[in-house]
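S.K.: Take a look at the following structure, please.
The values are calculated or read from the model by the stated rules, or taken from the named source; none is laboratory data. Not measured: the values here are computed from a predicted model. Here the Cβ is made from the backbone with ideal geometry for all residues, glycine too, and neighbour counts use every protein chain on show.
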Amino acid sequence: MALIIKKESALAIDKKGVAMRIYNNKDQYSGASVVYQETQKGHFEEFYHSKSHFIYYIIEGNGIWYIDEQAYDVSGGDLIIIPPNSKFYYKGALKQICIVSPSWEPESEHHVRDIDWS
């Protein structure tokens, strides 16, 4: 069965400096979760997920992604694929789509540390 989720139906939250619209969860579709994200400064948390891949498409903006302590410059049009158990966070003014596969589960996300951009 097809699943159509309108922007107005997406769950809007703010998490550690990132405004998010969460379009679906694992109960709606277990194959992947899709999240639209906007940030002016970056994600103020380093974390890893023990089960899922995180795939980010940068719509616009510029920033620096830190993946397993390695820094990567990114900008609009770039794609980032992060495998399970890789620690990451990012900074910069970015608009991006995040696809988490299989769908995100809270019990599989692990906090490493808070990030202070001041």
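S.K.: Is it fair to say residue 55 is within 17 Å of residue 72 (Cα to Cα) and modelled with pLDDT of 95 or more? Even if it seems obvious, please write down each step before you answer.
M.R.: Values: within 17 Å of residue 72 (Cα to Cα): yes; modelled with pLDDT of 95 or more: yes.
Against the criterion (within 17 Å of residue 72 (Cα to Cα) and modelled with pLDDT of 95 or more), residue 55 qualifies.
S.K.: Now for a different question. Inspect segment 35-43 for any residue being closer than 30 Å to residue 118 by Cβ, at pLDDT below 95 and either polar (S, T, N, Q) or exposed (fewer than 15 other Cβ atoms within 10 Å of the Cβ) (or both) and give the result as yes or no.
M.R.: Checked against the condition, which is being closer than 30 Å to residue 118 by Cβ, at pLDDT below 95 and either polar (S, T, N, Q) or exposed (fewer than 15 other Cβ atoms within 10 Å of the Cβ) (or both), segment 35-43 yields no hits at all.
S.K.: Give, as residue ranges, the strands (runs of 3 or more DSSP E) completely inside segment 23-118 that count at least 2 residues that are under 24 Å from residue 3 (Cα atoms).
M.R.: It comes to 33-39, 53-67, 88-101.
S.K.: To continue, here is another question. Tally the residues that are in contact with a Ser or Thr (Cβ under 9 Å, 6 or more places away or on another chain) and surrounded by 15 or more Cβ atoms within 10 Å (Cβ to Cβ), restricting the search to segment 44-81.
M.R.: 11
S.K.: Within the set of pairs 6+ apart or on separate chains, which have a first residue in segment 1-30 that is of a type in the set (Phe, Trp, Tyr), a second that is exposed (fewer than 14 other Cβ atoms within 10 Å of the Cβ), and C-beta atoms under 7 Å apart?
M.R.: 29/3
S.K.: I would also like to ask the following. When segment 83-107 is examined, which residues are found to be within 15 Å of residue 34 (Cα to Cα) and in contact (Cβ under 8 Å) with a residue 24 or more places away in the chain? Step through it out loud before you land on a result.
M.R.: To start, the set of residues in segment 83-107 that are within 15 Å of residue 34 (Cα to Cα) comprises 95-106.
Within segment 83-107, 95, 96, 97, 98, 99, 100, 101, 102, 103, 104, 105 qualify.
S.K.: Further question: Determine which member of the set 85, 24 is of a type in the set (S, T, N, Q), over 20 Å from residue 116 (Cα atoms) and crowded, with 16+ Cβ neighbours inside 10 Å. First the steps, then the outcome.
M.R.: Details: 85 fails: crowded, with 16+ Cβ neighbours inside 10 Å.
Being of a type in the set (S, T, N, Q), over 20 Å from residue 116 (Cα atoms) and crowded, with 16+ Cβ neighbours inside 10 Å holds for just one of 85, 24, which is 24.
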